[in-house]
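K.L.:
Below: one structure in C-alpha cells.
The values are calculated or read from the model by the stated rules, or taken from the named source; none is laboratory data. In this text, all values refer to a predicted model and were calculated from it rather than measured experimentally. Here the Cβ positions follow ideal geometry from the backbone for every residue, glycine too, while neighbour counts run over all protein chains shown. Calculation scope for accessible area: heavy atoms of the full protein, side chains included, ligands and nucleic acids excluded. Shrake-Rupley method; radii C 1.70, N 1.55, O 1.52, S 1.80 Å.
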Amino acid sequence: MSPTLSVIIATYNRENLVIQTLNSIKNQTYKDFECIIVNDQSTDNTFNVISDFIKSDNRFTLYSRPNSKSKGMSSSRNYGYTLSNGQYVNWFDDDDIMHPECLEKKMNVILEKKLDFVSCEIAYFNDSIDKYEKIENDYDMSNIFQNYFKGSISFYSICSLWKKSFLDKNSFVFNEDNKLLVDWVFNINVLFTNPKYYLIKEVLTFYRKHEKSISGKLASYNESYIFQEYQIRCKMFEIFKSKNLVNKELNLWYCKRLVFFVESIAVKK
C-alpha cells in the first residue's frame, strides 16, 4: 500500500545538519509517510551520512540527482516529486526542523476542510531551536495577493502540505532557472488559480538561519542574489499589473523595495 504523504527533500553539502532534519521527520506523530531525499551531487560526506541513517527506517529513500537534470534545489525538488507515491506532498529543506505534530496537524486540516493545500506559521532560529523568532503574519485574507507580494503574510513551500492531484492538474513545478524567491513565485502562481487553502496559525516549521542559507546571503548583501530578487520582483509586479492587482499602497511598497535594491548594491560597492 502506498503511503498517504510524501515528504521530499533536496540536499547539498549538509553532512553536519541533515540528520537533525531527518530525525525531526522520523519522530513525527503522523507515521504514514515516505521521505524521498534527493542528493544534488554533494561534494562532502552528505550521501554517506544519509545512507547510514536510512538503514534503520525503510520510509526513507535516498536518490542522486541524475546528470541529465540541471543542478540546483528546484531541479532536485522536481525530480523528487516525480518519484513520490503519496496523495499529499510536503517539500522540506535539508537544514530545517519540523515540529513533532507538523504533518499530523496539517493532514487533519487538509482532509477535514477538503483543501488544495494547507500551510502553517514559521519561525527562524540560529543555533538552538529553543531560541526561535516567530514571523508575524497579517491574516487579512481580503487582499491575499497584495499582502503576499509585500511579505506581510508569508507561507513557504516547506510549510505547505499539497494535494498532489491539485499540483498535477495545474502542472505546478519549481522554476529551475531561478535560485532565489523560488517559493515566492511558486506560491503566487498557485494563488492565481484561486485554490482552496487554509493557514494554520501555529508554528509547525522552524527555519534555520546561517551564512549559507538564502536569507544569510541576502543579509550579507550578496550582489548576485540582490540583483536576482530585483529581476523577479519586477517581473511579478508586471504580472500583477496585467491582472489589475496593483493599487496605490502596493505601488508605493514596490517603489520602496526598488530603492532598497539600489541602496544594497551601493553598500556592496
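K.L.:
Could you go through the stretch 14-22 and let me know if any residue there is touching a Ser or Thr at 6+ places or on another chain (Cβ under 6 Å), assigned to a helix (DSSP H, G or I) and surrounded by 19 or more Cβ atoms within 10 Å (Cβ to Cβ).
P.N.:
Yes: the stretch 14-22 contains one or more residues that are touching a Ser or Thr at 6+ places or on another chain (Cβ under 6 Å), assigned to a helix (DSSP H, G or I) and surrounded by 19 or more Cβ atoms within 10 Å (Cβ to Cβ).
Residues are listed down the side, and each one gets a yes or a no for (1) at pLDDT below 90; (2) under 20 Å from residue 179 (Cβ atoms); (3) not in a helix (DSSP H, G or I):
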residue: 224; (1), (2), (3): yes, yes, no
residue: 230; (1), (2), (3): yes, yes, no
residue: 239; (1), (2), (3): no, yes, no
residue: 262; (1), (2), (3): yes, no, no
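K.L.:
Testing residue 6 on (1) among the hydroxyl-bearing types (Ser, Thr, Tyr); (2) open to solvent by less than 10 Å² (accessible area, probe 1.4 Å); (3) assigned to a loop (DSSP other than H, G, I, E, B), one condition comes back false. Which one is that?
P.N.:
For residue 6, the exception is condition (3).
K.L.:
Select from the stretch 242-251 the residues that are farther than 15 Å from residue 148 by Cα and not in a loop (DSSP other than H, G, I, E, B) and write down the one among them that is most open to solvent (accessible area, probe 1.4 Å).
P.N.:
So, considering only residues that are farther than 15 Å from residue 148 by Cα and not in a loop (DSSP other than H, G, I, E, B), the one most open to solvent (accessible area, probe 1.4 Å) is 248.
K.L.:
Confirm whether residue 105 is of a type in the set (Lys, Arg), touching a residue at least 12 places away in the same chain (Cβ under 8 Å) and in contact with a Leu (Cβ under 8 Å, 6 or more places away or on another chain).
P.N.:
So residue 105 fits the description; yes.
K.L.:
Would you confirm whether any residue within the stretch 177-190 is surrounded by 14 or more Cβ atoms within 10 Å (Cβ to Cβ), touching a Lys or Arg at 6+ places or on another chain (Cβ under 7 Å) and hydrophobic (A, V, I, L, M, F, W, C)?
P.N.:
No: the stretch 177-190 contains no residue that is surrounded by 14 or more Cβ atoms within 10 Å (Cβ to Cβ), touching a Lys or Arg at 6+ places or on another chain (Cβ under 7 Å) and hydrophobic (A, V, I, L, M, F, W, C).
K.L.:
Can I ask one more? When you go through (1) closer than 22 Å to residue 105 by Cα; (2) modelled with pLDDT of 85 or more; (3) open to solvent by 20 Å² or more (accessible area, probe 1.4 Å) one by one for residue 161, which number turns out not to apply?
P.N.:
With respect to (1) closer than 22 Å to residue 105 by Cα; (2) modelled with pLDDT of 85 or more; (3) open to solvent by 20 Å² or more (accessible area, probe 1.4 Å), residue 161 is out only on (3).
K.L.:
Same structure again: If you go through the stretch 131-148, how many residues are closer than 20 Å to residue 209 by Cβ and either without any contact (Cβ under 8 Å) to a residue 12 or more places away in the chain or within 17 Å of the chain's Cα centre (by Cα) (or both)?
P.N.:
Residues that pass the stated criteria total 6.
K.L.:
Hey, another quick one. Answer yes or no: is there a residue in the stretch 149-157 that is within 24 Å of residue 42 (Cβ to Cβ) and within 18 Å of the chain's Cα centre (by Cα).
P.N.:
Yes, some residue in the stretch 149-157 is within 24 Å of residue 42 (Cβ to Cβ) and within 18 Å of the chain's Cα centre (by Cα).
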